[in-house]
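Participant: A single structure is presented below for examination.
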Amino acid sequence: MKKILFILSIFIYTSSLAQTESTFDEKLAKELGADEYGMKTYVFCLLKTGTNTKATENEQKIAFEGHMQNMNKLVKENKLIVAGPFYKNERNYRGIFIFNCSTIEEAEEWVKTDPAIIANLLEAELTLWYSSAALMKVDEIHDSIAKTKI
């Protein structure tokens with residue numbers, strides 16, 4: 001009986017290995033800019049509270065409305081791949097951007113178009129980041145699962 005269970009477990013294990021083999025989609029990998037590992041370089045942006053503590057409530061409102069409009073513009077231009085706020089925290093972290101570029105200099109140019117950053121209500125820290133090229137599909141997938149649009 002032990003022999004049968006052992007053979008059965010070997011069979012199940014090898015069957016599961018065969019099912020986990022991936023099918024490489026060369027066309028999709030090329031479309032997303034993936035390297036041989038399915039990865040690519042992005043610029044990760046950590047948004048922190050800026051140094052401007054004297055802005056009026058109205059100035060803040062206008063700057064953050066512009067911040068949202070600018071983000072939407074960058075998404076449409078395929079420059080901003082992922083963005084989102086952090087919950088309130090002690091580190092003054094406000095949110096992140098993941099930019100579809102491979103140099104800090106290019107991301108700096110895009111950051112300079114953000115009204116909340118221009119007004120020093122937010123500060124941006126940029127660093128190169130290596131991650132899955134599949135992130136390029138986040139917006140497309142999100143649109144199909146979001147019942148309410150922002």
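Participant: Hey, can you grab everything whose amide H is under 5 Å from the amide H of Gly50? Only 5+ residues off in sequence or another chain; H modelled, so Pro and N-termini drop out.
Facilitator: So Gly50 has HN proximity to Leu122, Glu123.
Participant: Just round it to a whole percent: the fraction of Cα-Cα distances in the chain exceeding 24 Å.
Facilitator: Working: 5449 of 11175 pairs.
Considering the chain, 49 percent of its Cα-Cα pairs are separated by more than 24 Å.
Participant: Here's another thing I want to ask about it. What nm value, rounded to one decimal, do you get for the distance between Thr113 and Asn72 when each label is placed 7 Å out toward the C-beta?
Facilitator: According to this spin-label approximation, the distance is 1.5 nm.
Participant: Pairs to check: Lys30/Lys88; Lys61/Lys149; Lys30/Lys76; Lys27/Lys147. Give those whose C-alpha atoms are more than 27 Å from each other in this structure.
Facilitator: On the way: Lys30/Lys88 39 Å; Lys61/Lys149 21 Å; Lys30/Lys76 20 Å; Lys27/Lys147 30 Å.
Beyond 27 Å between Cα atoms: Lys30/Lys88; Lys27/Lys147.
Participant: Continuing with the same structure: All other residues with a Cβ under 10 Å from the Cβ of Ala116 taken together, and with Lys, Arg as +1 and Asp, Glu as -1, what is their net charge?
Facilitator: Numbers: positive: Arg94; negative: Glu65, Asp114, Glu123.
Counting the neighbours of Ala116, the net charge comes to -2.
Participant: With +1 assigned to the C-beta of every Lys and Arg and -1 to the C-beta of every Asp and Glu, and no other charges, what is the dipole magnitude of the range 37-145 about the Cα centre in debye, to the nearest 20? Kindly include the intermediate steps, with their values, before the conclusion.
Facilitator: Working: 12 positive and 15 negative charges, 43 e Å.
I would put it at about 200 debye.
Participant: Let me ask you something else. Need one number: nm distance between label points at Thr148 and Ile104, each 7 Å from Cα along Cα→Cβ, rounded to one decimal.
Facilitator: It works out to 3.9 nm between the two label points.
Participant: Continuing with the same structure: Would you pull out the residues with amide H under 5 Å of Ser131's amide H, same chain only if 5 or more places away, H placed 1.01 Å from N?
Facilitator: Hits under the 5 Å cutoff: Lys40, Tyr42.
Participant: A follow-up question, please. Would you mind getting me the FRET efficiency between Ile96 and Glu36? Use the beta-carbon distance for r and R0 = 25 Å, nearest 0.05.
Facilitator: Values: r = 27 Å, r/R0 = 1.08.
Given R0 = 25 Å and the Cβ-Cβ separation, E is 0.40.
Participant: Residue by residue through the range 42-53, what is 3J(HN,Hα) from phi via Karplus (6.51 cos²θ - 1.76 cosθ + 1.60, θ = phi - 60°)? Round to whole Hz and write x for glycine and proline.
Facilitator: Whole-Hz 3J(HN,Hα) from phi for the range 42-53: 10, 10, 8, 10, 9, 8, 10, 4, x, 8, 6, 10.
None of the figures in this text is laboratory data; all of them are computed from the coordinates on show. Keep in mind that what you see is a predicted model, and the values were worked out from it rather than measured. Backbone-built Cβ (ideal geometry, glycine too); neighbour counts: all protein chains shown.
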